[in-house]
Each structure stands twice: as structure tokens, then as C-alpha cells.
Amino acid sequence: MPDALDATPYDALLLLSFGGPEGPDDVVPFLENVTRGRGIPTERLKEVGQHYFLFGGVSPINDQNRALLDALRKDFTEHGLDLPVYWGNRNWAPYLTDTLREMAADGRRRILVLATSAYASYSGCRQYRENLADALAALEAEGVDLPRVDKLRHYFNHPGFLQPMIDGVLESLADLPEEARADAHLAFTTHSIPTASADTSGPVEAHGEGGAYVEQHLDVAQLIADAVRERTGVDHPWRLVYQSRSGAPHIPWLEPDICDHLEELHAAGAPAVVMVPIGFVSDHMEVLYDLDTEAKAKAEELGLPVRRSATVGADPRFAAAVRELILERAVVERGQDVVPCALGALGASHDVCPVGCCPARAPRPAAAGADSPYA
């Protein structure tokens with residue numbers, strides 16, 4: 001890659017994440033931010049917040065983002081990439097608008113965004129782009145000279161994202177009772193979303209049953225299962241399953257749920273299961289509660305040995321992957337040729353979300369895409 005450590009024209013990276021409460025008093029205000037506009041009463045939010053109260057009212061996601069920030073800065077420094085890294089959240093401090101205001105005040109003019117979501121979907125991509133547009137609109141109203149903001153492509157099939165998960169599965173299999181190890185099943189888990197959102201995820205040409213969201217997860221699951229077979233000589237049965245469903249019960253969401261799947265596997269005589277949270281960058285609340293608490297309780301009730309493999313988190317290989325993605329995009333923006341790094345059948349995702357990609361539930365401006373009002 002020419003000028004391998006040259007991020008020009010970019011002068012900053014923004015880590016953009018969901019956010020989470022950092023104490024009991026934060027839980028309800030945080031959930032109010034998440035559900036703003038839906039008219040959900042406070043008492044219901046307190047019920048929903050019980051997951052957080054079980055962990056002292058603290059979501060692990062903010063500390064995990066701090067660890068990722070440290071890993072990115074360490075990697076950039078060690079490899080001579082002079083690119084400052086900022087952090088902003090959609091739903092809790094540090095808020096996205098405040099961070100973009102700080103970046104503009106620091107003179108940042110071309111910003112790349114790393115979202116803590118690896119796959120195509122409304123909630124995993126376009127909603128982040130809508131939040132970027134909202135923040136830019138707020139700054140424009142303040143008279144701020146707006147920077148240009150681009151978003152890094154989906155990185156679900158980058159080897160630096162895959163390899164830590166492969167190692168996590170191998171470690172989890174090795175931790176199972178020896179007599180159950182060879183015939184253990186792999187349950188690849190991700191966040192369930194409404195089937196209507198899944199069906200319209202990705203570019204228009206990818207729309208259909210499950211859309212790009214399901215297709216990308218299946219590709220990752222196959223890549224990991226193949227790598228495990230190559231390393232162990234064992235072809236473990238696997239399935240893509242879902243977790244963390246929310247919303248009205250009459251609206252169809254992706255299935256099966258992980259707990260239902262564990263019941264099915266137990267009834268079929270499976271000796272053990274490794275749960276592999278491929279849909280999550282780090283061990284945030286959906287992993288700690290829905291897998292480590294709820295699903296493990298279900299497995300214990302069934303007498304089914306389970307292990308939960310590690311997410312990518314702040315693994316140095318993921319930090320290196322982010323650096324590679326930045327340099328790859330910079331080369332493209334400079335009008336030079338580059339071969340994007342991607343494994344599997346789907347190849348590298350698009351750099352710029354096209355019109356109609358992961359459409360909004362209601363028309364709203366979205367930045368960092370072909371339909372951005374802030375190009």
C-alpha cells in the first residue's frame with residue numbers, strides 16, 4: 001500500500017458508540033435517551049433498567065470503549081500513524097455533539113468514524129449516521145464551521161476482527177469437559193432485530209429475506225467454524241441464533257432465541273454448547289446479561305455444559321485492523337488503487353452507504369453516505 005502510514009486527507013478518528021450508564025442514578029436518564037420519542041413511562045424504564053441495577057447501575061461499555069481508545073492510540077503510536085482519536089456516544093456522555101464540537105474547535109476538518117457495530121442494519125449503521133447528521137445540524141445552527149465526516153466500512157469480515165473470535169472459540173472448546181468437547185455445538189449469537197429491518201438491511205440489491213444483516217453474520221459464522229475445523233480437525237455443528245429481543249411482542253423479530261436454541265439442543269442430545277457472540281464488539285450489557293446471566297441460567301437448568309467465548313474488545317489485532325481500514329480508506333480518498341482486506345464469500349463492504357441502504361423507519365437525514373446533506 002503506497003504511503004502506508006499516511007492518513008491524508010483525514011486528520012482525526014472518532015470512535016462512535018452507543019453509550020451506557022455509569023451509576024444507578026444514570027440508568028433511567030440513559031434509558032430515556034435511548035427511547036426518546038416513544039412515550040415509554042418512567043416506571044416501565046425502571047423495570048427495563050433492572051438489568052443494569054444487577055451490575056450496580058453500570059454498563060461495561062464505557063470502560064470497554066476506554067480500553068479500545070487506549071489500544072488504538074498505542075497501535076497508532078507504535079506504527080507512526082499521527083492521527084488523534086476522539087470518542088463520542090449516541091446516548092450518554094461523552095455525547096456525540098459535544099465531541100464533534102470539540103473536534104471542530106481543535107481544527108479537525110476531515111473526520112473518519114469508527115462505529116462499534118460491525119454489520120449492516122438500521123440500528124447498527126444508518127441510525128449512527130442519522131445521529132451524526134443531527135449533531136452536525138446542531139453545530140451548524142451554532143455557526144460552527146463543519147468538518148467533513150466519513151464512516152469506515154463494515155469490518156465484520158476483516159481478519160483482525162475474526163481472528164480474536166476464532167481464538168476465543170478454541171479456548172472455550174478446550175475448557176469444556178473432555179468427553180463433551182468433540183461433539184459440542186457452536187451457537188453463533190447476535191442481536192435480534194425486527195425481520196422487516198433485517199430484510200431491508202444493506203444496499204437495495206441485498207434486500208430480501210434477512211438482507212445483508214443475516215447474510216453477513218452467516219458468512220462470519222462459516223468463517224469461524226471453518227477456521228476451528230482447520231485448527232482442531234473437528235467439524236462442529238453450528239447455527240446462527242439471536243438474543244436481546246425487545247419491542248412489542250406482535251412484531252416479528254429474528255429467531256430462534258438463544259435460550260430456545262439451548263432447549264432444542266438439549267432435547268436433541270447435544271453434549272455441550274459454546275456460545276459465540278459474533279454480533280458484539282465487546283462484552284457489554286447484552287453479553288453480560290443475556291448470555292452470561294440468562295442463557296447460562298437456562299443451560300444450568302437443563303444440565304447442559306456451556307461456555308461463552310470472548311468478544312474482540314480491545315484486542316491488539318482489532319486495533320491493527322482499524323489502522324489498516326483507516327489507511328485503506330485514505331488511499332481511496334486520495335484517488336489511488338487499493339486492494340481491501342476481507343475474508344469470506346462477501347468481500348469488502350462499500351465505503352459509502354448508497355441511497356436506500358438500511359432505510360430509516362421514517363425519513364431522516366443521515367450523514368456519511370451517498371444521501372448525506374453534509375457531503
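The values are calculated or read from the model by the stated rules, or taken from the named source; none is laboratory data. These figures come from a predicted structure and were not determined experimentally. Cβ placement follows ideal geometry from the backbone for every residue including glycine, while neighbour counts extend to all protein chains displayed. For the accessible areas, the whole protein counts, side chains as well, though only heavy atoms, and no ligand, DNA or RNA atoms are used. Shrake-Rupley method; radii C 1.70, N 1.55, O 1.52, S 1.80 Å.
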(request) Give the distance, in whole Å, between the Cα centre of region 111-143 and the Cα centre of region 207-229. (result) 25 Å
(request) With everything on Cα atoms, drop me the angle between helix 61-78 and the longest principal axis of the chain, reported from 0 to 90° to the nearest 10. (result) 60 degrees
(request) Quote to one decimal, in nm, the extra length available between residue 248 and residue 268 on full extension: 0.36 nm per residue of separation minus the C-alpha distance between them. (result) 4.1 nm
(request) With a point put 7 Å past each Cα toward its Cβ, work out how far residue 6 is from residue 36 in nm, to one decimal. (result) 4.1 nm
(request) Counting helices only, and only those DSSP H runs with n ≥ 4, report the 222 nm mean residue ellipticity of the chain as the sum of -39,500 (n - 2.57) divided by its residues, in deg cm²/dmol to the nearest 500. (result) -12000 deg cm²/dmol
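Peptides 77-83, 10-16, 143-149: what's the order by average Cβ count within 10 Å, highest mean first? Mind showing how you got there, number by number?
Working: 77-83: 12.9, 10-16: 22.7, 143-149: 15.3.
Top to bottom by mean Cβ count within 10 Å: 10-16, 143-149, 77-83.
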(request) Kindly report, to the nearest 10 Å², the accessible surface of residue 150 as traced by a 1.4 Å probe over protein heavy atoms only. (result) 10 Å²
(message) I'd like the orientation of helix 211-232 relative to the chain: the angle between its Cα long axis and the longest Cα principal axis, in ° from 0 to 90, rounded to 10.
(response) 60 degrees
(message) With a 10 Å cut-off between alpha carbons and a GNM built on the chain, which of 322, 355, 228 moves the most?
(response) 355
(message) With a 1.4 Å probe and all protein chains kept in place, how do 18, 76 rank by accessible area, largest first?
(response) 18, 76
(request) Pop the C-beta distance of residue 93 and residue 48 into the FRET formula with R0 = 22 Å and round what comes out to the nearest 0.05. (result) 0.65
(request) Check the straight Cα-Cα distances from residue 298 and name the lysines below 18 Å, setting aside those fewer than 8 residues away within the same chain. (result) none
(message) Place a point 7 Å from Cα of residue 229 in the direction of its Cβ. Which residues in region 180-198 have their backbone N less than 17 Å from it?
(response) 182-188
(message) So if each residue of separation counts as 0.36 nm, and I subtract the Cα-Cα distance between residue 301 and residue 67, what length gain in nm does that give?
(response) 80.8 nm
(message) Taking loop as defined by DSSP and a crowding limit of 14 other beta carbons within 10 Å, which trypsin sites (Lys or Arg not before Pro) in region 302-347 fit?
(response) 334
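To two decimal places, what compactness ratio does region 34-107 give when its Cα radius of gyration is scaled by 2.2 N^0.38 Å?
Against the compact-globule rule of thumb, the ratio is 1.49.
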(request) Set the Förster radius R0 to 25 Å, insert the Cβ-Cβ distance between residue 140 and residue 334 as r into 1/(1 + (r/R0)^6), and round the FRET efficiency to 0.05. (result) 0.35
(message) Just to be sure I understand: with springs between alpha-carbon atoms less than 10 Å apart, which residue in 30, 318, 156 has the highest mean-square fluctuation in the Gaussian network model of the chain?
(response) 30
(request) Taking the chain as the reference, fit the longest principal axis to its C-alpha atoms, fit the long axis of helix 316-333 to the helix C-alpha atoms, and give the angle between the two in degrees, 0 to 90, nearest 10. (result) 40 degrees
(message) List the lysines whose Cα sits under 30 Å from the Cα of residue 151, skipping any in the same chain fewer than 8 residues away.
(response) 74
(request) Show the residues, 5+ positions off or on another chain, whose built amide H is closer than 5 Å to the amide H of residue 151. (result) 113
(request) Report the label-to-label distance for residue 205 and residue 364 in nanometres (one decimal), using points 7 Å from each Cα along the Cα→Cβ vector. (result) 2.9 nm
(request) Can you tell me the dipole magnitude for region 163-228 around its Cα centre, using point charges on the Cβ only (Lys, Arg +1; Asp, Glu -1), in Debye to the nearest 20? (result) 180 debye
(request) Work from the charge dipole of the chain (Cβ charges, +1 for Lys and Arg, -1 for Asp and Glu, about the Cα centre) and give the residue of 251, 359, 50 farthest towards its positive end. (result) 359
(request) Measure out, as a whole number of angstrom, how far apart the alpha-carbon centroids of region 306-352 and region 13-72 sit. (result) 27 Å
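Tell me the per residue accessible area of the chain using a 1.4 Å probe; a whole number in Å² is fine.
42 Å²
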(request) Would you calculate the separation in nanometres between label points at residue 109 and residue 352, each defined as 7 Å from the Cα along the Cα-to-beta-carbon direction? (result) 1.9 nm
